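Report on the following structure.
The values are calculated or read from the model by the stated rules, or taken from the named source; none is laboratory data. Quantities reported herein were computed from a predicted structural model and do not represent experimental measurements. Glycine gets a Cβ as well: all are built from the backbone with ideal geometry, and neighbour counts include every protein chain shown. Remember, those area values only see protein heavy atoms, side chains included, never the ligands or the DNA or RNA. Shrake-Rupley method; radii C 1.70, N 1.55, O 1.52, S 1.80 Å.
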Amino acid sequence: MERSGWLVLTASAGSLILVFLWKRSRERRHRVPCESWARWVMAKTDGSSLQAPLLLTGVPLGECTDRWSDTYLERIIGETKISVHISNTRFLDFAAKNFKYEIMTFQGFLRRIQSSSEGTFLYYRSQHQKRNKASSLDTLGSIADDFVMPRLLLDPFRVHSTVLRVASTGLCMWLHYDVCDNFLCCIRGRKRVVLFHPNDIDRLYVSGSSSAMGSRLLQKRGQTQLWKEFPLASAAWSRRLEVVLNAGDVLFIPSFWPHCTEALPSKGSRSSISVNTFLQRPEWASLHDPKDVWANRELLPAQEATKGMEKILPQLQELPPVPRAFYCRKMAAELLAMAN
Ligand SMILES: O=C(O)CCC(=O)C(=O)O
Ligand SMILES: [Fe+2]
C-alpha cells in the first residue's frame, strides 16, 4: 500500500521552517535526511538528498514577494515585448497544442489577464531574446534584482537558468518532466503542484518530455474517461504527491520527476507569479545540452539513445507479430536490467 505524508520540523539555521516531503514508493522508500537544514545542504554533495521533492517554507527570496504588484511590474517592464501562450481552455496541452502564441507588451499581458472574460487563459514564461541563451530573468531589466535565492540553497549547484512564469488563475500546465533539478518559487498567489515518481514514467504516456494527457489529470471531473483513454495512468495517479505553494514557498523538484501545476485563485489578483531556478549537478554538467533553455532537452547521451530508438522501431515493425513481440520483450528485458 502506498503512503505519503509530511514531516515538519523547525530548522536550526535561521528562521526557516522546513517541511520534508516523503514518500514510500513502489520500489523503494524515498526520504530526505531531515536532521537539520545544514545537514541537508551538505548532503547535496553526495546526491543522497536530491532524490525526493522537498518543500521549504518562508524562504527569503528578495524584494519580489513584496514588490511584484501589477502596478510595479507595469512601471518597470510594462513596455517589454513578450510571447504569451493563449488558450480558451484552462487545461494546456502541449501534445494537442490547444493554445497559440501571441506577442504583446508585458503591460498588455497583465491587463488582458485582469480583463479576460471566463474562458481565456494566458501564460508567460520568460525567454532570452537569443533563444539559445539559458538565462532569461536578466532580460527583464531591474526586476531581476528583486529575486534573490539564498546562497545556502544554491550551493553547490550550478544555475542552469532562471525563468519568470506568470499564469491566469485556473491555468494548468501540462504534465512534463525536466532534466534539471529545480527550485520552483511561488512569488504571488498560490500554486498547486502534482508530482509523480520517475519510476512511473511508463504509466504517464510521455513522448518527448510532455504527456499526451496534457494537464487533464487536474480536471476534477472526467477522470473515468481519462482512465479509459490512458488506463495505466490511474495507478500512477493514486501514488501522486500533491502540494499547494503559497507566496514565499520553494519546492525542490528533482530532475525527472514528472509534474503538472495549477495556478489557484487568490485574493486580489487574477494571476499567479512564480520564478524557478533550474540547477545542474556539477557531476552531470557535461551531459547537459548547451542549447537547452527550459531544461526539456534530453541529456546528450539520451539524445543519441533516442535517435537509436527511432531507428530500431521501424525495423521491429517489419517483423511478423510473433517474432516482433518476442524481440520487443527481449530488448525491453535488457533495458530494464540496466534500470535496476
Ligand atoms: O507552474 C508553472 O508555471 C510550471 C512550473 C514548472 O514546470 C517548473 O518550474 O519546472
Ligand atoms: Fe517543469
> Counting just the residues of the range 99-119 that are open to solvent by less than 40 Å² (accessible area, probe 1.4 Å) and farther than 18 Å from ARG75 by Cβ, which one comes out modelled with the lowest pLDDT?
Replying inline: SER116
> Would it be correct to say that LEU218 is within 15 Å of ligand 1 (Cβ to nearest atom), open to solvent by less than 60 Å² (accessible area, probe 1.4 Å) and under 19 Å from CYS172 (Cα atoms)?
Replying inline: yes
> Out of the residues in the range 258-269 that are at pLDDT below 95 and assigned to a loop (DSSP other than H, G, I, E, B), which is surrounded by the most Cβ atoms within 10 Å (Cβ to Cβ)?
Replying inline: PRO265
> How about the range 219-240: which of its residues are touching a Phe, Trp or Tyr at 6+ places or on another chain (Cβ under 7 Å) and of a type outside the set (Lys, Arg)?
Replying inline: GLN219, PHE230, ALA233, SER234, ALA236
> Residue check: is VAL193 within 13 Å of ligand 2 (Cβ to nearest atom) and more than 21 Å from ASN276 (Cα to Cα)?
Replying inline: no
> Taking the range 176-229 as the region of interest, how many residues are in contact with a strand residue (DSSP E or B) (Cβ under 7 Å, 6 or more places away or on another chain) and part of a strand (DSSP E or B)?
Replying inline: 17
> Being more than 16 Å from ligand 2 (Cβ to nearest atom) and either open to solvent by 60 Å² or more (accessible area, probe 1.4 Å) or free of Cβ contacts under 8 Å to residues at least 40 places away in the same chain (or both), is that true of even one residue in the range 270-280?
Replying inline: yes
> Quick check: anything in the range 247-254 in contact with a helix residue (DSSP H, G or I) (Cβ under 7 Å, 6 or more places away or on another chain) and farther than 24 Å from LEU175 by Cβ?
Replying inline: yes
